[in-house]
Amino acid sequence: MRDQDKSVAIIGCGFVADLYMRSLQTFPDIRVTGVWDHDAARLAAFCAHWGLSAAPDQTALLDMLPKDGVVLNLTNPGAHFEVNSACLNAGHHVYCEKPLAMTVAEAKTLTDLAASKGLQLASAPCSVLGEAAQTLGQAIRNGTAGTPRAIYAELDDGFVPQAPFRKWMTESGAPWPFEDEFRVGCTLEHAGYYLSWFLAWFGGVRSVTAASAEVIPDKAGTGPFAPDLSVATLFFENGPVTRLTCSIVAPHDHGLKVIGDNGVLTCNAAWDNSAKIRYARRMTVRRKLLEHPFPKRLRIAGETHPKTGRWGAASMNFALGPAEMLDAIAEDRPSRLSGNYALHLTEVTLAIQNAGDDTGAQKMTTTCQPMEPMPWAT
């Protein structure tokens with residue numbers, strides 16, 4: 001694949017599409033061949049803002065894309081299965097916003113379809129390919145804190161139903177889709193930001209013991225709404241016991257602690273590719289055991305990847321995944337975010353989301369291997 005042949009087509013011009021476009025601008029060798037959305041006004045506004053070509057329909061859009069290009073499925077989650085199926089059946093590789101599908105059965109169907117056609121189907125989020133996740137992964141592989149024994153992770157985003165979300169607007173004028181967000185739920189929308197890191201470092205989850213609930217009634221929009229709080233304990237085939245909390249209830253906290261034999265590795269900003277990774281070694285002072293009060297910041301030597309500026313709550317390059325997928329296609333290898341990884345990420349996330357208050361331990365039916373580090377993080 002020549003650089004000028006690195007092509008993507010975009011389906012869906014909603015809130016997240018602007019974040020992808022800002023990120024794609026950091027990869028000048030990737031071109032957008034066309035865009036389509038069923039909302040003609042939204043499509044026109046998006047294309048006018050970014051100087052892109054609107055396709056007359058989805059079929060025409062797919063016809064415009066070279067076979068070694070990638071479709072970016074940025075539609076609402078409820079449309080993911082239908083759109084992913086159509087793109088795969090048309091012979092195109094697909095990079096899908098999370099979740100891959102709304103049920104495990106649909107996700108398995110899509111994964112099998114992609115494999116049968118020799119195509120790649122990948123799932124966001126791609127922050128696992130970012131500097132923070134890769135730095136932390138390198139520290140775990142190097143045994144910086146010793147053997148990891150437990151992980152505590154939070155993905156709490158504040159009491160969102162009281163936030164001024166009707167004022168949240170992207171640069172091309174797309175409003176935050178609050179009804180869809182509340183119906184889909186914060187676990188499906190956000191758990192992957194740390195769960196993807198865990199799967200990359202340790203591979204498959206053997207079982208999930210979780211609880212989920214809707215604790216804030218009467219949200220804006222039309223329900224039924226998904227759980228707005230979930231707490232999960234993950235048991236890996238080969239990794240530490242991990243506790244992951246997601247909510248749009250508790251005060252904002254994206255803290256992550258990897259607790260090892262010799263100390264603690266931390267990250268406090270899941271949505272920042274440049275988040276500081278710190279290591280506090282364990283020590284004794286007189287008769288007290290504590291972590292060092294001045295943790296050491298860990299860094300990867302050399303250049304990593306293009307960065308984007310902060311927009312809203314995030315400072316993430318959303319194009320890291322599509323760029324890696326295009327490289328994988330060119331090199332005739334599986335993308336890091338595709339195949340069994342994408343399927344397993346979906347199954348574990350859905351197990352947490354749908355746990356309710358009486359599910360108990362859930363055995364996973366899929367698995368994946370640890371992810372190959374990015375070349376600059378080995």
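Among the residues of the range 128-152, those that are of a type in the set (G, A, S) and closer than 22 Å to E331 by Cβ comprise G130, A133, G137. Counting the residues of the range 34-51 that are out of contact with any Cys (no Cβ under 8 Å at 6 or more places or on another chain) and surrounded by fewer than 18 Cβ atoms within 10 Å (Cβ to Cβ) gives 7.
To keep it simple, each residue is scored yes or no on (1) of a type outside the set (V, I, T); (2) in a loop (DSSP other than H, G, I, E, B).
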position: H38; (1), (2): yes, yes
position: A45; (1), (2): yes, no
position: P56; (1), (2): yes, yes
position: T59; (1), (2): no, no
position: D63; (1), (2): yes, no
position: D68; (1), (2): yes, yes
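For the range 279-291, the criterion of being among the β-branched types (V, I, T) and in contact (Cβ under 8 Å) with a residue 60 or more places away in the chain is met by none of the residues.
Scanning the range 290-301 for residues that are surrounded by 15 or more Cβ atoms within 10 Å (Cβ to Cβ), of a type in the set (A, V, I, L, M) and not in a strand (DSSP E or B) yields a single hit, I300.
Say we look at the range 304-360 and pick out the residues that are charged (D, E, K, R) and more than 27 Å from V205 (Cα to Cα); which of these is surrounded by the fewest Cβ atoms within 10 Å (Cβ to Cβ)? Steps first, please.
So the first thing to find is which residues in the range 304-360 are charged (D, E, K, R), and the list is 307, 310, 324, 327, 331-333, 336, 347, 357-358.
Still in the list and also more than 27 Å from V205 (Cα to Cα): 307, 310, 327, 331-332.
Numbers: K307: 15, R310: 11, D327: 14, E331: 10, D332: 7.
Selected residue: D332.
Evaluate the following for M283: is it in the same structural domain as Y194 (by TED's automatic domain parsing) and not basic (K, R)?
On the way: in the same structural domain as Y194 (by TED's automatic domain parsing): yes; not basic (K, R): yes.
So M283 fits the description; yes.
Against the definition (surrounded by fewer than 15 Cβ atoms within 10 Å (Cβ to Cβ), in a loop (DSSP other than H, G, I, E, B), touching a residue at least 24 places away in the same chain (Cβ under 8 Å) and assigned by TED's automatic domain parsing to the domain that holds T245), how does G173 come out, yes or no? Against the criterion (surrounded by fewer than 15 Cβ atoms within 10 Å (Cβ to Cβ), in a loop (DSSP other than H, G, I, E, B), touching a residue at least 24 places away in the same chain (Cβ under 8 Å) and assigned by TED's automatic domain parsing to the domain that holds T245), G173 qualifies.
Within the range 176-215, can you find the residues that are among the hydroxyl-bearing types (S, T, Y) and either assigned to a strand (DSSP E or B) or outside the structural domain of G239 (by TED's automatic domain parsing) (or both)? Correct list: S207, T209, S212.
Tell me, please, whether a residue that is under 17 Å from P125 (Cβ atoms), out of contact with any Phe, Trp or Tyr (no Cβ under 6 Å at 6 or more places or on another chain) and polar (S, T, N, Q) can be found in the range 12-35. Checked the range 12-35: at least one residue is under 17 Å from P125 (Cβ atoms), out of contact with any Phe, Trp or Tyr (no Cβ under 6 Å at 6 or more places or on another chain) and polar (S, T, N, Q). When A323, A313 are checked against the criterion of being of a type in the set (A, V, I, L, M, F, W, C) and either touching a strand residue (DSSP E or B) at 6+ places or on another chain (Cβ under 8 Å) or over 26 Å from K257 (Cα atoms) (or both), A323 stands alone in meeting it. The set of residues in the range 229-247 being under 17 Å from the mean Cα position of the chain (by Cα) and not small (G, A, S) consists of L244, T245, C246. Tell me, yes or no, whether the range 235-254 has at least one residue that is at pLDDT below 95, buried (at least 20 other Cβ atoms within 10 Å of the Cβ) and not acidic (D, E). No - not one qualifying residue is present in the range 235-254. Taking every residue in the range 92-110 that is closer than 21 Å to V32 by Cβ and pairing it with any residue that is surrounded by fewer than 24 Cβ atoms within 10 Å (Cβ to Cβ) and of a type in the set (K, R), at least 6 positions away or on another chain, the pairs with Cβ-Cβ distances below 8 Å are H92/K67.
Among the residues of the range 197-210, those identified as farther than 9 Å from T233 by Cα and hydrophobic (A, V, I, L, M, F, W, C) are W197, F198, L199, A200, W201, F202, V205.
Let's see how each residue does on (1) under 30 Å from I10 (Cα atoms); (2) over 19 Å from the mean Cα position of the chain (by Cα); (3) among the β-branched types (V, I, T):
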| residue | (1), (2), (3) |
| --- | --- |
| G260 | no, yes, no |
| V285 | no, yes, yes |
| F294 | no, yes, no |
| A301 | no, yes, no |
| A330 | yes, yes, no |
| S338 | yes, no, no |
| A355 | no, yes, no |
| G360 | no, yes, no |
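(1) assigned to a helix (DSSP H, G or I); (2) within 23 Å of E82 (Cβ to Cβ); (3) touching a residue at least 60 places away in the same chain (Cβ under 8 Å): which one isn't true of H49, the others all being true? Among (1) assigned to a helix (DSSP H, G or I); (2) within 23 Å of E82 (Cβ to Cβ); (3) touching a residue at least 60 places away in the same chain (Cβ under 8 Å), H49 violates only (2).
The values are calculated or read from the model by the stated rules, or taken from the named source; none is laboratory data. Everything numeric in this text was worked out from a predicted model, so none of it was measured. Cβ coordinates were reconstructed from backbone atoms using ideal geometry, including for glycine residues, and neighbour counts include every protein chain displayed.
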